[in-house]
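The values are calculated or read from the model by the stated rules, or taken from the named source; none is laboratory data. Computed from a predicted structure; not experimentally measured. Reconstructed Cβ throughout: ideal geometry from the backbone, glycine too, with neighbour counts over all protein chains shown.
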Amino acid sequence: MIKRILDRLIFGGLLIATLQIPMLADHYLQYLSGFYDATTLQVNAYRANAQQHGFDSAESMIASLLQENNSVVRVDAEQKLKVLQQHDMLQQGMGILANGHLVDKTVYMFNPARFSELQRVLIHFTPGIPLDIESIAFCVVMALGLNLILYLPFIVFRRQQKNAAGPVPSIN
């Protein structure tokens, strides 16, 4: 009886924890959206500046600036190049978080390379329950899988004990 209660409590806890993943993905998307909008403004300014000065693209302008002798101009060009690269990465992340499957979103959010971003998102995160059926179904399956993984060592240990005790004699 205690085992069943403990099993249900663990499953309930896992279910509540996994139900937070879709909510966290929404918060992460909002965070990334603001960051993406800010870098888009910068990138658009770089593109307008490049076009105004006869360059085909912001990238070609930056490549030209990287060839300058003045170190201040080169450092500024390197910073602009980092913003362009960051904008491309944010664009990919926005695509994943806006249109990807929950598995893709989870892998994106919990990637160790983005741990500092995840920490910033978690500061303002408020727990909740998703309202769409797909997220709830995914979370139930994920909680069941995690529950099974947690109990797998106990199941294996119990079977080994039964096998070591030998077969139970039958009364005929």
(request) Those residues that are exposed (fewer than 11 other Cβ atoms within 10 Å of the Cβ) and free of Cβ contacts under 8 Å to residues at least 40 places away in the same chain, I need them from the stretch 127-141; list them, please. (result) LEU131, ILE133
(request) Test LEU150 against the stated conditions and say whether it is assigned to a helix (DSSP H, G or I) and either surrounded by 10 or more Cβ atoms within 10 Å (Cβ to Cβ) or more than 16 Å from the chain's Cα centre (by Cα) (or both). (result) yes
(request) Pick out the one residue from ILE21, ILE2 that is over 16 Å from the mean Cα position of the chain (by Cα) and of a type in the set (Val, Ile, Thr). (result) ILE2
(request) Consider only pairs whose beta carbons are under 9 Å apart and that are at least six residues apart or on different chains; among these, list those whose first residue lies in the stretch 93-118 and is under 13 Å from TYR31 (Cα atoms) and whose second residue is basic (Lys, Arg). (result) GLY93/ARG114; LEU97/LYS105
(request) Please enumerate the residues belonging to the stretch 93-114 that are closer than 21 Å to ASP37 by Cα, of a type outside the set (A, V, I, L, M) and in a helix (DSSP H, G or I). (result) GLY93, GLY95, ASN99, LYS105, TYR108, ARG114
(message) Exactly one condition in (1) at pLDDT 85 or above; (2) in contact with a Pro (Cβ under 8 Å, 6 or more places away or on another chain) is false for SER135; which is it?
(response) (1)
(message) Between a residue in the stretch 17-31 that is within 20 Å of GLN92 (Cα to Cα) and any residue that is in a helix (DSSP H, G or I) and charged (D, E, K, R), which pairs come within a Cβ distance under 7 Å, given they are 6 or more apart or on different chains?
(response) ALA25/LYS105; TYR31/ARG120
